[in-house]
Each structure stands twice: as C-alpha cells, then as structure tokens.
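Note sheet for the following structure.
Only the coordinates and a few stated rules stand behind these numbers; no lab work does. These numbers were taken from a predicted model, which means no experiment stands behind them. Quick reminder, even Gly has a Cβ in these numbers, built from the backbone with ideal geometry, and neighbours come from all protein chains shown.
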Amino acid sequence: MNIIFLGPPGSGKGTYSSRIKDILHIPHISTGDILRNEIKNNTEIGKKAKEYCDKGELVPDDIILEILKKRLSQEDAKNGFILDGFPRTISQAQSLEKFAKIDVALNLVIPEDILIEKLTSRRVCEKCGAIYNIANINRNGIKMPPMLPEKPGICDKCGGKLIQRRDDKEEIIKDRLKVYKEQTEPLIKYYRDKGILVDVKIHGPPEIMVPEILKILENK
Ligand code: ADP
Ligand code: ZN
C-alpha cells in the first residue's frame, strides 16, 4: 500500500510513520530526514538545501523530486511506502502521480496551540532521527504524555545524542506553519476530491492513535 501522511509540522507525521512502517513492513520515506542527512554530510544536495531548511522555507522542487525518485526506485519501496513530508505543494502532488499511485492520504488534524507546544518540546536523535518529546499535554480532550528516552538526552535506539532541530525554534516554527497553510493545506482538498483522503483527529499518544490509524488502513 502506498500511503501519504498530510498534516502541519508537529502533527506527528514522523512519529506515526516510523511506528507504522515496522508493522506494515514498508519503508518510511521522510524528505525532511533525507535532507537533514544530506546537510549533515555536506553533500551537493545538502549544500543547496541548507539555506531553505534553516529558514523553514520549501526546498525547490527539482532537488526534492530528484531525491524522492531515487528513494522510491530502491528495492524496498516496491511493495509499498509511507511518504512523510512529501508532497507539500499541488505541483509536487502532480509530479508524484507521474511515477507512483497513492492509495490513501491520512490527514492529521490537531489544534495550532498544541502544535507549537509540541514542536518547541521536540527532541530528535542526532544519529538516527528518532523522535522524543518533553511536553506533557492534557487539555481540551487531547492527552499527550511526554515521550521520554530511558536515559535523559540519549537515544534508546542507538545511543545517539538528543538535540533540538535547528528549525524547531519558535520564530522559525511560525514561518513553517505559514508555509504549511499557504502551500500544503490545499492538498487536503486535492486528495479529498480524489476520494482518498481520511481525516485523523489526533487526541492521544501514539499508543492510542497507531491502532486507530491501522484500522483505517485495514479498510482501504
Ligand atoms: P516538518 O516537521 O516541518 O513537517 P520536515 O522534516 O518534513 O519537517 O521538513 C523540514 C524541512 O525540509 C522543511 O521545512 C523544508 O525546508 C524541507 N522539506 C522537506 N520536505 C520538503 C518538500 N517535500 N518540499 C520542499 N521542502 C521540503
Ligand atoms: Zn538514535
């Protein structure tokens, strides 16, 4: 099955994708993770992408399409994949259609004040990209306890150091949310019109949301 995760920054696309990939045995493809890796390794693509990522702006389509096509052509993506962070514009969605058929677009729905709190409290593993969160949210029917590592500051999966993403600073978060509203939100209607969009209202931690998402996928 070919799955897209839609939703604003901080809605949990990365967290849900990485849990679901282990259950469905299909790869989790995050354009943001690929770009951060290219930047860390100072590759040609990384050098071109860095200034955009640091400001919270979208990286130009030609760069993104190049990395995405390369990733989707790998053997492990033959039986399905989870896309996280792509497409982010109507034009990217139209390009995607030329080389892949999407079965379902999951639209994560979550109030903006909670997004901001989650983004400023997010920590990621410098080495493997695993996601943690120090926020403890419990209001308006939304319950999200913190997702902490066993040892403070250290990744459970690989022992890497936990850091704050450069673009998870409050000023840049505002810009990313603006970019999301202007450029990515129109994709909700785009996929709804195609009949493959499902809204997923986030109200709890992954332990509650992942089974709900799997149920939606079972009926697809
Ligand atoms: P978010 O938490 O904002 O969803 P991502 O990890 O998906 O973060 O993306 C981080 C940054 O990488 C974006 O702000 C943007 O600069 C760049 N990026 C990732 N995916 C794309 C894409 N499909 N098109 C353009 N830029 C992208
Ligand atoms: Zn790690």
Report task. Sort through ARG176, ARG165 and tell me the only one that's within 16 Å of ligand 1 (Cβ to nearest atom) and either within 21 Å of LYS101 (Cβ to Cβ) or in a loop (DSSP other than H, G, I, E, B) (or both). Result -> ARG165
Query raised in the report: If you go through segment 29-42 one residue at a time, do you hit one that is within 16 Å of ligand 2 (Cβ to nearest atom) and either of a type in the set (A, V, I, L, M, F, W, C) or more than 22 Å from TYR52 (Cβ to Cβ) (or both)?
Result: no
Requested in this report: Can you tell me which residue within segment 1-37, out of those that are over 21 Å from ASP76 (Cβ atoms) and in a loop (DSSP other than H, G, I, E, B), is farthest from ligand 1 (Cβ to nearest atom)?
Outcome: GLY12
Query raised in the report: Restricting attention to segment 151-160, does a residue exist that is within 16 Å of ligand 2 (Cβ to nearest atom) and under 25 Å from LYS201 (Cα atoms)?
Result: no
Requested in this report: Could you give me the residue pairs with C-beta distances under 7 Å whose first residue belongs to segment 199-220 and is surrounded by fewer than 12 Cβ atoms within 10 Å (Cβ to Cβ), whose second residue is assigned to a strand (DSSP E or B) wherever it lies, and which are 6+ apart or on separate chains?
Outcome: LYS220/VAL104
